[in-house]
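The values are calculated or read from the model by the stated rules, or taken from the named source; none is laboratory data. Nothing here was measured: the structure is a model prediction, and the numbers come from that model. With ideal geometry, Cβ positions are generated from the backbone for all residues, glycine too; neighbour counts draw on all protein chains shown. Just so you know, the surface numbers come from the protein's heavy atoms only, side chains and all, with ligands and any DNA or RNA stripped out. Shrake-Rupley method; radii C 1.70, N 1.55, O 1.52, S 1.80 Å.
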Amino acid sequence: MDSFSNFIHMGGYAGYVWTSYGIALVIFVWSVVSPIIQKRQLIKRIKSIVQDEQG
Amino acid sequence: MHPLRKRRLFLILTMVAGIAVAAGFALVAFNENLMFFFTPTDVQAGKAPQNRLFRIGGMVVNGSVKKSTTNTDVEFDLTDNEKVVTIKYSGILPDLFREGQGIIAKGKLNHNGEFIAEEVLAKHDENYMPPEVAATMKKKKPAYIKE
Amino acid sequence: MIMRFIHKLGSPPYFYQFSGRLLPWLSGICLILFAYGLYGGLVLAPTDYQQGDSFRIIYIHVPAAWLSLFVYMVMAFSGAVALIWRIKITEIILINSAHIGAAFTFLALITGSIWGKPMWGTWWVWDARLTSELLLLFLYLGIIALYSAIDDKRKAARAVAILALVGVVNIPIIHYSVEWWSTLHQGPTVTKFDKPSIDTRMLIPLLVMAFAYKFLYAIVVLLRARNDVLWRERRSQWVTALFDGSK
């Protein structure tokens, strides 16, 4: 496990390195998840429009 | 291509070219101000502003760094391989500060022609390599290498 | 040939169907690239001779900066096609690239800042590279704001296309800023005319990450564009057919 703790430690730059990777992860997830959530809402609205027009 | 589309294409190209030319003129006009720092040669030639803060950039001369043993005062020579300016600074140096390293200091010249820095930044180069490779390249680039 | 393909994609139902089939492939390739890029960057790549492990921020920072320029060029190209040929799908690609472009410009700026603090000794300086990249972020935000300020979306797209084309002069400025002026930011590493001054074991993960980012952009822009197409075409036959009966 020594190499693993070295890996986490990043030669003393852990805070800088992992903060960068963390921010990147948040941005990646947000950019993929937000259009997926948006699509769910969109489908709901379109379905209600379709139903209104039919009934 | 349809003549209307050809005209639109021409309009767009003219617009982008026009803006590019305008931007080019603006950048040439402000060229001096866009320079982030002066070199020691500029400073020795009197091009740097007097009695005003400015930045100086260059390489730390090997063997010139004198650190105080009691406080954070440090003195070193900065060169662009032509002229040399002595820098005095008191404060924390960035991790990359070392002899042979490119650095940028912000401050003023005093009446002795020494540069009193209130900020020292390290400028790292565009080379990335493991320490072993750097060691074999040492003759090409006389930089102080950690480890 | 390309124009004919763009024309075909210009048909909303075809675009929706085609992008739907493309997305799983893109996602799979993107995940593989990220997995390899991160492993290569964090584990395989050796420690830098001067910067130690802090240089590993390069694998987040540089691909983000490249992508911020790439997305803008895609937008400017789409804008030109949208203005000349008035193809709706290029307007959709243009406007739906802006958010992700802004997000990655922000990522490049923030990781650059986090990298700059330990190495340069400062979070931020107003040198030509950093300032022109910040201007790019404002261009993206301006494009988003302009688009949402105009109600007629076809007119909005045309206004945005012009703004995107005006801003395109900033792209070479960002790229060459480190050569034209003295900056704190160092010169180019990978695109130097002679061979890149970076160790191969460090370079390969960087290039892999750059491709991973490009795929991520493609995925996000398609997801957003599909939503946009659905909503614009909500009254049309093919959309109602998609949701009719499936309650």
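If a spin label sat at a point 7 angstrom from the Cα of residue B:135 along the line to its beta carbon, the backbone N atoms of segment C:44-69 nearer than 19 Å would be those of C:45-53. Here the simple spin-label model places points 7 Å from the Cα toward Cβ, and for residue C:154 and residue C:234 these points are separated by 1.9 nm. Summing charges over neighbours of residue B:54, with a neighbour being any other residue whose Cβ is under 11 Å away from its Cβ, gives +4 when K and R count +1 and D and E count -1. Identify the residues of segment C:217-232 with backbone N under 20 Å of a label point that sits 7 angstrom from the Cα of residue B:16 along the Cα-to-Cβ direction, or state none. In segment C:217-232, the label zone of residue B:16 (backbone N under 20 Å from the point 7 Å along Cα→Cβ) covers no residue.
Computed from phi, the 3J(HN,Hα) profile of segment C:42-56 under the Karplus parametrisation 6.51, -1.76, 1.60 (θ = phi - 60°) reads 8, 10, 6, 5, x, 5, 6, 5, 10, 9, x, 7, 5, 5, 5 Hz, with x in place of Gly and Pro.
Taking only the C-alpha atoms, wrap a convex hull around segment A:2-54 and report its volume per residue in Å³ as a whole number.
Working: hull volume 3.6 nm³, N = 53.
Per residue, the Cα convex hull of segment A:2-54 comes to 69 Å³.
In a simple Cβ point-charge model (Lys, Arg +1; Asp, Glu -1; nothing else charged), the protein assembly as shown has a dipole of about 2160 debye relative to its Cα centre.
Quick check: from the Cα gyration tensor, does segment C:2-141 come out rounded (a/c under 1.5), prolate or oblate?
Numbers: a/c = 3.67, a/b = 1.63, b/c = 2.25.
Cα axes put segment C:2-141 in the oblate bin.
Highest mobility in the GNM of chain C, judged by mean-square fluctuation with C-alpha springs under 10 Å and restricted to C:146, C:69, C:33, is found for C:146.
Please label the shape of segment C:27-107 as rounded, prolate or oblate, based on the square roots a ≥ b ≥ c of the eigenvalues of the alpha-carbon gyration tensor (a/c under 1.5 means rounded; beyond that, a/b larger than b/c means prolate, else oblate).
Working: a/c = 3.97, a/b = 2.40, b/c = 1.65.
Because a/c hits 1.5 or more and a/b exceeds b/c, segment C:27-107 counts as prolate.
Projecting label points 7 angstrom from Cα along Cα→Cβ for residue B:7 and residue B:112 puts them 7.4 nm apart.
Mind listing which chymotrypsin sites (Phe, Trp or Tyr not before Pro) in segment C:150-247 are in a DSSP loop and have 14 or fewer other Cβ atoms within 10 Å?
Details: sites: C:176, C:180, C:181, C:193, C:211, C:213, C:215, C:217, C:231, C:238, C:243; in loops: C:181, C:193.
When the chymotrypsin sites (Phe, Trp or Tyr not before Pro) of segment C:150-247 are filtered for loop state and at most 14 Cβ neighbours within 10 Å, C:193 remain.
Across chain B, the convex hull enclosing all Cα atoms gives 190 Å³ per residue. Put simply, chains C and B cover up around 3700 Å² of each other's accessible surface, both sides summed, when a 1.4 Å probe is used. Going from the chain on its own to the full set of protein chains, segment C:164-188 has these residues losing 10 Å² or more of accessible surface (heavy atoms, 1.4 Å probe, no ligands, DNA or RNA): C:165, C:166, C:168, C:169, C:173, C:180, C:181, C:182, C:183, C:184, C:186, C:187.
Tally up the carbon and sulfur contribution to the accessible surface of chain C as a whole percent, 1.4 Å probe, everything protein left in place.
Numbers: 7140 of 10170 Å².
It is 70 percent, rounded to a whole number.
When the accessible areas of C alone and A alone are added and the area of the pair subtracted, with a 1.4 Å probe, the result is around 3200 Å², both sides summed. Take residue B:88: with every protein chain present and a 1.4 Å probe, its accessible area is about 70 Å².
Once R0 is set to 25 Å, what does the formula 1/(1 + (r/R0)^6) return for the Cβ-Cβ distance between residue C:4 and residue A:49, expressed as a FRET efficiency to the nearest 0.05? The partial results should precede the final answer.
Working: r = 34 Å, r/R0 = 1.35.
So, using R0 = 25 Å, E works out to roughly 0.15.
Assuming a ≥ b ≥ c are the square roots of the Cα gyration tensor eigenvalues, decide whether segment C:118-214 counts as rounded (a/c under 1.5), prolate (otherwise, with a/b larger than b/c) or oblate. Cα axes put segment C:118-214 in the prolate bin.
Chain C: Rg/Rh from Cα coordinates, Kirkwood Rh?
Details: Rg = 20.1 Å, Rh = 19.7 Å.
For chain C, the value is 1.02.
Please compare each pair in A:39/C:153; A:44/C:214; A:39/C:8; A:47/C:153; B:6/C:88; C:8/C:214 to a cut-off of 27 Å on the Cα-Cα distance and tell me which ones are over it. Can you show the working numbers first?
Working: A:39/C:153 19 Å; A:44/C:214 31 Å; A:39/C:8 24 Å; A:47/C:153 23 Å; B:6/C:88 19 Å; C:8/C:214 23 Å.
Table pairs above 27 Å Cα-Cα are A:44/C:214.
Surface listing: C:7, C:175 arranged by accessible area from highest to lowest gives C:7, C:175, probe 1.4 Å. To the nearest ten degrees, helix B:3-29 and the longest principal axis of the Cα atoms of chain B are 30 degrees apart. For chain C, the longest principal axis of the alpha carbon atoms and the long axis of helix C:200-232 meet at an angle near 20°. Label-to-label distance, residue B:126 versus residue C:123, with points set 7 angstrom from Cα along the beta-carbon direction: 2.9 nm. With the whole protein complex present, residue C:129 retains an accessible surface near 50 Å², based on a 1.4 Å probe.
Let me check I've understood the local charge: for residue A:33, count other residues with C-beta under 13 angstrom from its C-beta, Lys and Arg +1, Asp and Glu -1. What total comes out? Mind showing how you got there, number by number?
Values: positive: A:39, A:40, C:224; negative: none.
Here the charged neighbours net out to +3.
The value given for the protein assembly as shown is a Kirkwood hydrodynamic radius of 24.8 Å, derived from the mean inverse Cα-Cα separation. Largest mean-square fluctuation among B:49, B:94, B:130, in a Gaussian network model of chain B whose springs join Cα atoms under 10 Å apart, belongs to B:130. For segment B:11-39, a reduction of at least 10 Å² in accessible area between the chain on its own and the assembled protein chains (probe 1.4 Å) is found at B:12, B:15, B:16, B:19, B:20, B:23, B:27, B:31, B:34, B:35, B:36, B:37.
If you roll a 1.4 Å probe over the heavy atoms of the protein chains, what accessible area per residue do you get for the protein assembly as shown, in Å²?
Numbers: 22620 Å² over 449 residues.
Normalised by residue count, the accessible surface of the protein assembly as shown is 50 Å².
How much net charge surrounds residue C:83 when only other residues with a Cβ under 10 Å from its Cβ are counted (Lys, Arg +1; Asp, Glu -1)? Cβ neighbours under 10 Å give a net charge of +3. GNM on chain C, alpha-carbon springs under 10 angstrom: the most fluctuating residue among C:142, C:112, C:101 is C:142.
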